[in-house]
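Computed from the coordinates by the stated procedures, all read-outs in this text should not be read as laboratory data. Values in this document were obtained by computation on a predicted structure and should not be read as measured data. Neighbour counts are summed over all protein chains in view; Cβ atoms, including those assigned to glycine, are modelled from backbone coordinates with ideal geometry.
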Amino acid sequence: MTGWDITPSGVQHVLGKTRHTAGELGEQLSAYGGPKGDLLKAAHAAGTLQMAGEKPPSGPPGPDGKAAPSGLLASALGQFAEKTQNDLTFLLARTAKSVDGAANAAREYLEGDERMASHVLHIALGAPDLHPAKHGGEGKHGGEGKHGSDGKHGGDGQARQ
């Protein structure tokens with residue numbers, strides 16, 4: 001591929017799908033942690049090891065106001081949720097920022113195409129310059145061409161006899 005081929009409809013399609021998926025991730029994230037999160041429910045359901053007739057141990061009140069679950073599995077789930085909640089929140093925020101950045105980049109690209117096309121059209125509609133050498137231009141109408149000033153070397157760097 002030698003260039004970019006960005007279409008507004010293609011960009012909208014991809015960004016729309018990404019936004020939808022990020023929204024679903026946000027819903028999962030809200031169900032993941034917090035006072036009514038699935039991990040806290042799992043920790044409560046995990047139970048503890050106890051002898052028959054003993055009262056189950058419980059920790060200090062959790063974010064939901066109930067006694068926090070205790071036991072190895074409940075503790076592990078709580079620590080896991082605490083350690084990963086910020087990472088998942090960051091991932092969701094990074095996704096939203098990336099989608100916005102991609103939309104802005106595509107808009108700038110398309111607007112840049114319009115500016116370039118307008119500039120090229122402006123140049124094409126201008127009056128032709130029939131005497132470019134008068135304006136300091138060299139090339140087809142002036143300058144040394146293929147032969148250097150000594151006539152022995154061409155513009156291609158090869159020695160001439």
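Of all the numbered requirements in (1) of a type in the set (Gly, Ala, Ser); (2) in contact with a strand residue (DSSP E or B) (Cβ under 6 Å, 6 or more places away or on another chain); (3) under 14 Å from Gln12 (Cα atoms), Ala105 misses one, and that requirement is (2). When Leu73, Leu92 are checked against the criterion of being closer than 22 Å to Leu25 by Cβ and either aliphatic (A, V, I, L, M) or out of contact with any helix residue (DSSP H, G or I) (no Cβ under 8 Å at 6 or more places or on another chain) (or both), Leu92 stands alone in meeting it.
Filtered by the rule that a residue be aliphatic (A, V, I, L, M) and in contact (Cβ under 8 Å) with a residue 40 or more places away in the chain, the stretch 87-109 gives Leu88, Leu91, Leu92, Ala96, Val99, Ala102, Ala103, Ala106. Beta carbons closer than 9 Å, at least 6 apart along the sequence or on distinct chains, pair a first residue in the stretch 71-83 that is on the phi > 0 side of the Ramachandran plot with a second that is part of a helix (DSSP H, G or I) and surrounded by fewer than 18 Cβ atoms within 10 Å (Cβ to Cβ) for Gly71/Ala46.
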